[in-house]
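Engineer: My structure is below; once you've seen it, I'll send some questions.
The values are calculated or read from the model by the stated rules, or taken from the named source; none is laboratory data. The shown structure was predicted, so the numbers you read here are calculated from the model rather than taken from an experiment. Here the Cβ positions follow ideal geometry from the backbone for every residue, glycine too, while neighbour counts run over all protein chains shown. Only protein heavy atoms, including side chains, enter the accessible area calculation; ligands, DNA and RNA are left aside. Shrake-Rupley method; radii C 1.70, N 1.55, O 1.52, S 1.80 Å.
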Amino acid sequence: MTAESAALPVGATAQQVATHDAELDQLFGVDSPLGNAVGGFRPRKSQTEMAKAIANAIVNQNTLIAEAGTGTGKTFAYLVPSLLWGGKVIISTGTKNLQDQLFLRDIPTVRKALGAPVSVALLKGRANYVCHFHLERTLQNGRLTSRDDVGYLREISRFMKTTGSGDKAELSKVPETALVWNLVTSTRDTCMGAECQYYQDCFVMKARKEAQQADVVVVNHHLFFADVALKDTGVAELLPSANTIIFDEAHQLPETATLFFGDTISTSNVLELCRDVLAEGLSHARDGADWASVVSKVERAARDLRLTFPQDIVRLAVNQIAPSSPFFPALETLKDEMDGMIAVLQKQAERAETIEQCRVRGIEIATRLEAWNKPKGDVIIGQESVLWVEAFSSSLQLHQTPLSIAPIFNKQREGVPRTWIFTSATLAVKNDFNHYTAQMGLWDEAAQSWPSPFDYDSQGLLYVPTGLPQPNSLDYTDAVIDAALPVIEAAGGGAFLLCTTIRAVNRSAERLREEFERRKLPFPLMVQGEAGRTELLDRFRAAGNAVLIGSQSFWEGVDVRGDALSLVIIDKLPFSPPDDPVLAARIEALERKGMNGFMHHQLPAAIINLKQGAGRLIRDETDRGVLMICDPRLIAKPYGKRIWQSLPPFKRTRELDAVRTFFASTVDAVGDAE
Ligand SMILES: Nc1ncnc2c1ncn2[C@@H]1O[C@H](COP(=O)(O)OP(=O)(O)OP(=O)(O)O)[C@@H](O)[C@H]1O
Ligand SMILES: [Mg+2]
């Protein structure tokens with residue numbers, strides 16, 4: 001990659017900047033090749049200015065935090081300068097769907113319009129690529145539990161004969177959540193690496209190699225940070241040669257990074273290991289040990305550990321567990337039994353490579369269990385972390401989560417100078433980037449915000465209904481639906497109902513289905529989970545008058561332009577659940593420093609979430625629509641004002657009639673135009 005990097009200018013002259021600016025003015029102006037390639041394109045000042053700032057950061061190898069409202073067109077604003085001048089570029093985005101959208105739609109559009117001779121690669125996590133070895137093994141002796149899986153396996157097998165990438169996203173016939181995927185993909189633990197007979201054809205290796213060679217690589221935040229922590233996703237090999245790193249949907253980074261800079265070990269990791277030890281022991285060293293008994297002791301200890309918590313799903317910080325709880329001795333027992341199993345594996349390791357592999361896995365799990373057993377507040381990697389447990393129906397996870405990722409992430413950015421761009425619609429709260437920069441350790445970096453190109457005052461209306469009960473009351477969701485129905489009718493469908501919990505999604509779906517039937521309303525109802533996200537959105541766009549009920553995954557990154565979406569209803573202010581042990585520990589840490597945890601952490605986080613949800617509504621200069629926020633706290637609480645002042649400057653009302661008038665005038669406007 002050195003050829004490309006050497007070509008990059010280090011530090012920019014005023015002359016260079018002026019040339020780039022002029023070029024960008026042209027590219028984002030009327031009658032440009034880019035404009036001609038995008039339907040309904042019109043010059044947007046914010047977009048052009050943001051592209052210039054990014055170009056400037058690129059030539060000076062600076063860091064830039066770039067915020068511009070939802071729907072502004074940030075994607076082109078960073079793609080154009082980075083494809084032209086970025087050298088080797090890594091673009092990381094929030095989800096695999098957005099990765100596909102960039103790789104399949106946005107980058108090809110820009111590359112073609114610019115005539116830029118750059119090669120592009122897509123890199124996802126290992127679990128996205130079908131593994132030849134595991135597929136073969138499953139075809140031969142797979143224990144498939146359902147008839148669906150048998151059919152899916154046949155599809156996958158057929159797919160492998162034609163695919164060039166092995167990416168499961170290309171095979172939409174098999175649902176993303178189908179269990180069979182686990183059987184035909186590898187994990188870091190089960191990959192045979194260079195020992196594998198299919199190594200030459202391996203899709204994971206192929207994707208990583210292509211990423212190495214490409215000028216532009218599209219990854220996602222999970223992959224990026226998983227690699228920083230585990231060095232197993234192929235990103236670490238890319239980093240040294242990258243000149244420009246762009247994080248889109250950058251508001252998600254603190255949470256994603258926290259996930260990976262911490263550590264999680266689950267009793268199911270232990271049980272999986274036991275299964276493999278038994279299988280490998282019996283096939284390669286049957287006479288070496290009483291494998292069934294070696295394994296069953298560990299399995300029992302893992303199950304007993306799970307049973308030290310009640311059957312319900314719980315999340316507890318270590319200091320919330322009574323010192324007398326059976327959990328602590330059960331954890332010790334599990335460690336002892338693991339040590340016993342490791343000793344047996346040690347003795348048999350030379351009989352087979354796969355047994356040695358099990359031994360290494362065993363040691364890793366044991367080390368992590370050991371690390372978890374430190375008292376709260378202990379120092380790991382030089383900083384505070386919280387230890388907490390999460391019990392699921394049949395497994396227990398032990399987490400160790402850093403309270404702040406700032407020092408770790410800051411360290412990541414040290415070393416070779418390169419450009420770092422952090423972009424999103426929601427990084428600042430009322431133009432103050434502190435909440436974000438403090439979390440990310442980007443204290444002294446340049447941050448800039450560009451105004452939205454939309455006229456919210458005339459294009460949008462914020463409606464907060466009256467008379468709703470407290471959000472924690474039992475009949476709250478029913479009250480939301482009662483308030484929403486007349487609004488959905490006035491809008492003629494074309495609505496998102498964004499809920500903060502799955503329970504609310506289900507209850508709303510039940511109620512709306514009944515009510516639509518009873519009132520003979522013709523709106524197609526779509527509910528998250530009924531089909532994949534992309535498919536639901538395609539159906540939603542095509543229907544034009546549908547109502548879609550979704551939770552978190554529909555709050556962000558969704559782009560529905562035009563009349564198909566003219567009403568966004570939000571049930572509650574999206575505060576994180578107060579019983580979250582990491583959140584509780586963070587708040588405690590802030591309060592120890594004399595800050596108010598609610599004002600400094602929970603509120604800004606909820607505002608960012610809310611702005612993302614609201615941002616689905618207006619995506620174009622000609623879009624019109626109503627944002628309905630049902631939560632009475634928006635008006636009643638002292639902090640409510642801070643929240644609605646952070647939203648785009650919608651016209652505001654509490655009257656249903658004003659909403660009806662707004663939609664009636666939309667119809668008129670459309671009528672006039674025709
Ligand atoms: N100058 C332009 N004129 C018209 N449409 C544009 C222009 N630039 C981008 N678009 C289109 O506007 C829509 C929004 O663009 P994009 O998805 O990049 O927004 P965004 O700023 O990333 O918003 P979000 O923060 O919600 O992701 C897309 O459909 C895109 O193709
Ligand atoms: Mg975007």
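Engineer: Is one or more of the residues making up the range 563-570 within 14 Å of ligand 1 (Cβ to nearest atom) and within 25 Å of Pro469 (Cβ to Cβ)?
Structural biologist: yes
Engineer: While we're here: Among the residues of the range 216-258, write down those that are within 14 Å of the chain's Cα centre (by Cα) and without any contact (Cβ under 8 Å) to a residue 60 or more places away in the chain.
Structural biologist: If the condition is that a residue be within 14 Å of the chain's Cα centre (by Cα) and without any contact (Cβ under 8 Å) to a residue 60 or more places away in the chain, then Phe225, Glu255, Thr256 are the ones that fit.
Engineer: Also, quick follow-up: Does Met205 satisfy the condition of being over 24 Å from Phe409 (Cα atoms), in contact (Cβ under 8 Å) with a residue 40 or more places away in the chain and open to solvent by 10 Å² or more (accessible area, probe 1.4 Å)?
Structural biologist: Against the criterion (over 24 Å from Phe409 (Cα atoms), in contact (Cβ under 8 Å) with a residue 40 or more places away in the chain and open to solvent by 10 Å² or more (accessible area, probe 1.4 Å)), Met205 does not qualify.
Engineer: Please enumerate the residues belonging to the range 607-650 that are away from ligand 1 (no atom under 16 Å from the Cβ), open to solvent by less than 40 Å² (accessible area, probe 1.4 Å) and in a helix (DSSP H, G or I).
Structural biologist: Leu634, Gly640, Ile643
Engineer: Have a look at Ala57, Ala51, Ala66 and point out the one that is open to solvent by less than 30 Å² (accessible area, probe 1.4 Å) and more than 16 Å from ligand 2 (Cβ to nearest atom).
Structural biologist: Ala57
Engineer: So which residues in the range 95-116 are within 22 Å of Asp167 (Cβ to Cβ), within 14 Å of ligand 1 (Cβ to nearest atom), over 20 Å from the mean Cα position of the chain (by Cα) and not β-branched (Val, Ile, Thr)?
Structural biologist: If the condition is that a residue be within 22 Å of Asp167 (Cβ to Cβ), within 14 Å of ligand 1 (Cβ to nearest atom), over 20 Å from the mean Cα position of the chain (by Cα) and not β-branched (Val, Ile, Thr), then Pro108 is the only one that fits.
Let's see how each residue does on (1) among the charged types (D, E, K, R); (2) within 17 Å of Gly166 (Cβ to Cβ); (3) touching a Leu at 6+ places or on another chain (Cβ under 9 Å):
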| site | (1), (2), (3) |
| --- | --- |
| Ala194 | no, no, no |
| Phe203 | no, yes, no |
| Gln213 | no, no, no |
| Gly234 | no, yes, yes |
| Leu239 | no, no, no |
| Ile245 | no, no, yes |
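Engineer: Limited to the range 401-419, what total is found for residues that are open to solvent by less than 30 Å² (accessible area, probe 1.4 Å) and hydroxyl-bearing (Ser, Thr, Tyr)?
Structural biologist: Number satisfying all stated conditions: 2.
Engineer: Within the set of pairs 6 or more residues apart or between chains, which connect a residue that is farther than 21 Å from Phe650 by Cβ inside the range 595-613 to a residue that is among the aromatic types (Phe, Trp, Tyr) and open to solvent by 10 Å² or more (accessible area, probe 1.4 Å) with Cβ atoms less than 9 Å apart?
Structural biologist: That search, which allows pairs on different chains as well, returns Phe598/Tyr639; Met599/Tyr639; Gln602/Phe575; Ala605/Phe575.
Engineer: Considering only the range 265-282, I want to know if a residue exists there that is within 16 Å of ligand 2 (Cβ to nearest atom) and among the aliphatic types (A, V, I, L, M).
Structural biologist: Checked the range 265-282: no residue is within 16 Å of ligand 2 (Cβ to nearest atom) and among the aliphatic types (A, V, I, L, M).
Engineer: Please pick out the residue among Ala606, Ala585 that is at pLDDT below 90, of a type outside the set (Lys, Arg) and more than 28 Å from Ala169 (Cβ to Cβ).
Structural biologist: Among Ala606, Ala585, only Ala585 is at pLDDT below 90, of a type outside the set (Lys, Arg) and more than 28 Å from Ala169 (Cβ to Cβ).
Engineer: Could you check Leu305 against (1) surrounded by 14 or more Cβ atoms within 10 Å (Cβ to Cβ); (2) hydrophobic (A, V, I, L, M, F, W, C); (3) modelled with pLDDT under 95; (4) under 34 Å from the mean Cα position of the chain (by Cα) and say which number it fails?
Structural biologist: Every condition holds for Leu305 apart from (3).
Engineer: Continuing with this model, one more query. Step by step: first the residues of the range 31-44, then only those that are near ligand 1 (Cβ under 10 Å from one of its atoms) and not small (Gly, Ala, Ser), then the one that is nearest to Lys112 (Cα to Cα). Which residue is that?
Structural biologist: Looking at residues that are near ligand 1 (Cβ under 10 Å from one of its atoms) and not small (Gly, Ala, Ser), I get Leu34.
Engineer: Look through Ser119, Ser92, Ser82 and report the one residue that is away from ligand 2 (no atom under 15 Å from the Cβ) and either of a type in the set (Gly, Ala, Ser) or within 19 Å of the chain's Cα centre (by Cα) (or both).
Structural biologist: After applying the criteria, what remains is Ser119.
Engineer: Also, I was wondering about something else. Determine which member of the set Gln470, Gln448 is outside any loop (DSSP other than H, G, I, E, B) and either open to solvent by 30 Å² or more (accessible area, probe 1.4 Å) or within 30 Å of Ser508 (Cα to Cα) (or both).
Structural biologist: Testing whether each residue is outside any loop (DSSP other than H, G, I, E, B) and either open to solvent by 30 Å² or more (accessible area, probe 1.4 Å) or within 30 Å of Ser508 (Cα to Cα) (or both) leaves just Gln448.
Engineer: In addition: I need the full set of residues from the range 128-147 which are surrounded by 15 or more Cβ atoms within 10 Å (Cβ to Cβ) and of a type in the set (Gly, Ala, Ser), in order please.
Structural biologist: Within the range 128-147, Gly142 is the sole residue that qualifies.
Engineer: Enumerate the pairs (first residue in the range 480-495 and closer than 9 Å to Arg660 by Cα; second residue anywhere and hydroxyl-bearing (Ser, Thr, Tyr)) with beta-carbon separation below 6 Å, excluding pairs fewer than 6 apart on the same chain, so at least 6 apart or on different chains.
Structural biologist: Pairs found: Ala491/Ser566.
Engineer: Against the conditions (1) touching a strand residue (DSSP E or B) at 6+ places or on another chain (Cβ under 9 Å); (2) more than 14 Å from ligand 2 (Cβ to nearest atom), where does Lys74 fall short? Just the number, please.
Structural biologist: Lys74 satisfies all of (1) touching a strand residue (DSSP E or B) at 6+ places or on another chain (Cβ under 9 Å); (2) more than 14 Å from ligand 2 (Cβ to nearest atom) except (2).
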